[in-house]
Amino acid sequence: MNIILIGPPGAGKGTQAKRMIDRLQVPQISTGDMFRAAVKEGSPMGKKAKEYMDKGALIPDDVVIGVVNERLAKADCKKGYILDGFPRTLDQAKALDGILKSMGTKLDHVVVIEVPDDYLVSRLTGRRTCRGCNYMHHIEYDPPKKSGVCDKCGGELYQRDDDQEDTIRQRLNTYHGQTSPLIEYYSGQDIVRMIDGTGSMVQVQDAITAAIGA
Ligand code: AMP
């Protein structure tokens with residue numbers, strides 16, 4: 001099953017993707033996680049990516065498409081995948097169409113998680129990400145048992161630079177300007193599933209399960 005998750009920053013794409021991979025037994029491909037790993041490694045690509053990420057801007061399409069193209073060619077993607085955070089522009093969506101065609105596959109579902117901007121600002125400023133396993137706690141809605149320490153792996157929790165309020169506003173503008181037009185792009189195919197992302201994690205998970213029939 002090939003699935004794309006679309007939604008504004010903080011809508012819960014990463015959280016839902018992690019829940020879906022256990023059920024569907026396919027990998028989660030998060031371009032955000034891949035770029036954060038490159039930043040951590042300090043690779044030349046990571047250094048360049050950080051400039052864009054810190055501003056709340058998108059990394060240039062050719063870089064992102066190259067990374068995804070390489071990742072989708074790996075053996076673990078043969079059974080399907082969940083793309084979390086890609087595509088984010090029309091050019092990325094067109095490139096993905098080309099990749100799918102060359103592999104003889106297609107998209108099964110475009111899951112769109114909708115959440116109003118005001119909710120998102122409060123959600124994102126409270127988010128704390130684990131340096132070890134990338135799990136995301138929230139200081140209010142999903143606090144760790146011990147402050148600053150991930151419940152899942154004991155790693156150190158930190159606030160991502162791009163989870164500061166100014167950057168969040170910029171990321172929301174980027175989403176509305178460049179990514180939300182993708183919903184229209186895919187609407188010609190009968191694969192768009194609109195999900196209300198304002199409920200609890202479990203409610204959103206149930207809504208996605210019902211929408212994709214899995
Ligand atoms: P995310 O964790 O998905 O919110 O991604 C964090 C940041 O990584 C974004 O704000 C972008 O700067 C960059 N990024 C992730 N995925 C993409 C993409 N598909 N296209 C461009 N930039 C991306």
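The values are calculated or read from the model by the stated rules, or taken from the named source; none is laboratory data. Here the structure is a predicted model, which is why all the values come from computation and not from measurement. Quick reminder, even Gly has a Cβ in these numbers, built from the backbone with ideal geometry, and neighbours come from all protein chains shown. Areas reflect the complete protein model, heavy atoms only, side chains present, ligands, DNA and RNA absent. Shrake-Rupley method; radii C 1.70, N 1.55, O 1.52, S 1.80 Å.
Laid out as a table, the results:
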| item | result |
| --- | --- |
| Pair list, Cβ under 9 Å, 6 or more apart: the stretch 124-141 residue among the aromatic types (F, W, Y), other residue open to solvent by 40 Å² or more (accessible area, probe 1.4 Å) and at pLDDT 95 or above | Y135/D151; Y135/K152; Y135/C153 |
| Residue count, the stretch 138-184 (criterion: part of a strand (DSSP E or B) and either open to solvent by 40 Å² or more (accessible area, probe 1.4 Å) or modelled with pLDDT of 95 or more (or both)) | 4 |
| The stretch 36-59, residues that are among the hydrophobic types (A, V, I, L, M, F, W, C) and more than 8 Å from the ligand (Cβ to nearest atom) | A37, A38, V39, M45 |
| All positions within the stretch 189-204 that are open to solvent by 80 Å² or more (accessible area, probe 1.4 Å) and within 17 Å of I3 (Cα to Cα) | Q189, D190, M194 |
| Enumeration of residues in the stretch 1-23 that are away from the ligand (no atom under 15 Å from the Cβ) and either open to solvent by 40 Å² or more (accessible area, probe 1.4 Å) or assigned to a loop (DSSP other than H, G, I, E, B) (or both) | M1, R19, I21, D22, R23 |
| Cβ-Cβ under 8 Å pairs, at least 6 apart or on other chains, the stretch 197-214 side assigned to a helix (DSSP H, G or I), far side surrounded by fewer than 13 Cβ atoms within 10 Å (Cβ to Cβ) | V204/D196; A207/D196; T209/R23 |
| Conditions (1) within 11 Å of the ligand (Cβ to nearest atom); (2) open to solvent by 10 Å² or more (accessible area, probe 1.4 Å); (3) under 16 Å from the mean Cα position of the chain (by Cα); number of the one not met by E114 | (1) |
| Test: residue in the stretch 48-62 that is touching a strand residue (DSSP E or B) at 6+ places or on another chain (Cβ under 9 Å) and on the phi < 0 side of the Ramachandran plot | no |
| Positions within the stretch 60-91 being open to solvent by less than 40 Å² (accessible area, probe 1.4 Å), near the ligand (Cβ under 8 Å from one of its atoms) and either under 16 Å from I168 (Cα atoms) or in a helix (DSSP H, G or I) (or both), in sequence order | V64, V68, G85 |
